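Chemist: This is the structure I want to talk about, given as structure tokens.
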Amino acid sequence: TAENNDIMMIGKAYYQMKDYNQADASFMKVSQKDPNNIESYIWQANAASGKDPDMKDTVAKYKYELIIQKAQSDTAKYSNDLVTANTYLFFYNFKNKKYNNAIQYAQRLVSLSSSKKDKVNWMTKIGEIYVANNDYNKVKQSYSKLLEFDPENSSFYNGRIEWANKGLESQKKK
């Protein structure tokens with residue numbers, strides 16, 4: 001409706017001024033009037049994220065999870081919103097050292113990504129989490145898959161695979 005559009009514009013103006021509380025209140029009005037307005041939920045999540053740039057609170061996390069639930073009604077229509085929500089949740093979980101959760105969101109992002117560059121980016125992030133945790137078998141799996149998918153960067157991927165093989169050898173010696 002025109003009224004909802006006006007309220008969204010007001011909320012976005014507050015958001016631009018970094019008045020995240022007023023922005024959130026505006027976006028909440030829209031979602032209360034129209035519970036199917038995904039854009040209002042995205043902006044609520046953005047406002048919550050703006051209030052918590054260090055990702056210490058869980059409010060934005062829950063709001064981005066709600067977007068994923070709402071977007072299931074039409075994943076093709078809301079594909080960009082799903083990418084936005086899953087990206088936030090990847091970084092939230094990574095920053096809070098919930099690596100298994102971060103990997104799950106990165107795997108979703110591989111599936112959601114339409115470009116090879118984005119797929120490689122998320123697949124690499126998965127591999128790097130395994131590297132950081134010295135999970136040598138998963139490192140080998142991740143970088144072997146990347147090697148198949150992106151042979152142009154074979155020297156980097158082969159280097160990671162070689163590192164993992166050395167790690168596995170050192171574990172056997174112990």
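The values are calculated or read from the model by the stated rules, or taken from the named source; none is laboratory data. This structure is a prediction, so every number in the text was calculated from the model and none was measured. As a convention, Cβ positions derive from the backbone with ideal geometry for all residues, glycine included, and neighbour counts pool all protein chains shown. The accessibility values were calculated without ligands, DNA or RNA, using every heavy atom of the protein model including side chains. Shrake-Rupley method; radii C 1.70, N 1.55, O 1.52, S 1.80 Å.
Chemist: Relative to the longest principal axis of the chain, what angle (0 to 90°, nearest 10) does the C-alpha long axis of helix 154-173 take?
Modeler: 60 degrees
Chemist: If you rank Thr84, Thr124, Thr1 by how much accessible surface each has, with a 1.4 Å probe, what is the order from largest down?
Modeler: Numbers: Thr84 60, Thr124 35, Thr1 115 Å².
So the residues, ranked largest to smallest area, are Thr1, Thr84, Thr124.
Chemist: If you don't mind, there's one more thing I want to ask. Would you mind checking the pairs Lys29/Lys97; Lys63/Lys138; Lys51/Lys97 and listing those with alpha carbons more than 29 angstrom apart? It would help to have the intermediate numbers written out before the result.
Modeler: Working: Lys29/Lys97 34 Å; Lys63/Lys138 31 Å; Lys51/Lys97 21 Å.
Violating the 29 Å limit, Cα to Cα: Lys29/Lys97; Lys63/Lys138.
Chemist: Shifting gears a bit: Roughly speaking, what is the centre-to-centre gap between the stretch 59-89 and the stretch 1-58 when only Cα atoms are used, to the nearest Å?
Modeler: After rounding, the separation between the Cα centres reads 15 Å.
Chemist: Helix 116-132 sits at what angle to the longest principal axis of the chain, using alpha carbons and giving 0 to 90 degrees rounded to 10?
Modeler: Rounded to the nearest ten degrees, it is 60.
Chemist: Let me ask you something else. Could you give the angle, 0 to 90 degrees to the nearest 10, between helix 2-16's Cα long axis and the longest principal axis of the Cα atoms of the chain?
Modeler: 60 degrees
Chemist: Once you put a point 7 Å from the Cα of Ser114 and another 7 Å from the Cα of Leu168, both along the Cβ direction, what distance in nm separates them?
Modeler: Taking the simple label geometry, Ser114 and Leu168 are separated by 3.8 nm.
Chemist: Hey, another quick one. Can you give the FRET efficiency for Met17 and Asp54, using 1/(1 + (r/R0)^6), R0 = 22 Å, r = Cβ-Cβ distance, to the nearest 0.05? Intermediate values should be presented prior to the final figure.
Modeler: Working: r = 21 Å, r/R0 = 0.95.
About 0.60, to the nearest 0.05.
Chemist: Let me ask something additional. Listed here are the pairs Lys95/Lys116; Lys98/Lys166; Lys56/Lys125; Lys61/Lys172; Lys70/Lys125; which of them are more than 31 Å apart at the Cα? Don't skip to the end; give the middle numbers.
Modeler: Working: Lys95/Lys116 25 Å; Lys98/Lys166 26 Å; Lys56/Lys125 21 Å; Lys61/Lys172 40 Å; Lys70/Lys125 26 Å.
Correct reply: Lys61/Lys172.
Chemist: Could you check the spin-label model distance between Glu148 and Lys77? Points 7 Å from the Cα along Cα→Cβ, value in nm.
Modeler: For Glu148 paired with Lys77, the spin-label model returns 3.6 nm.
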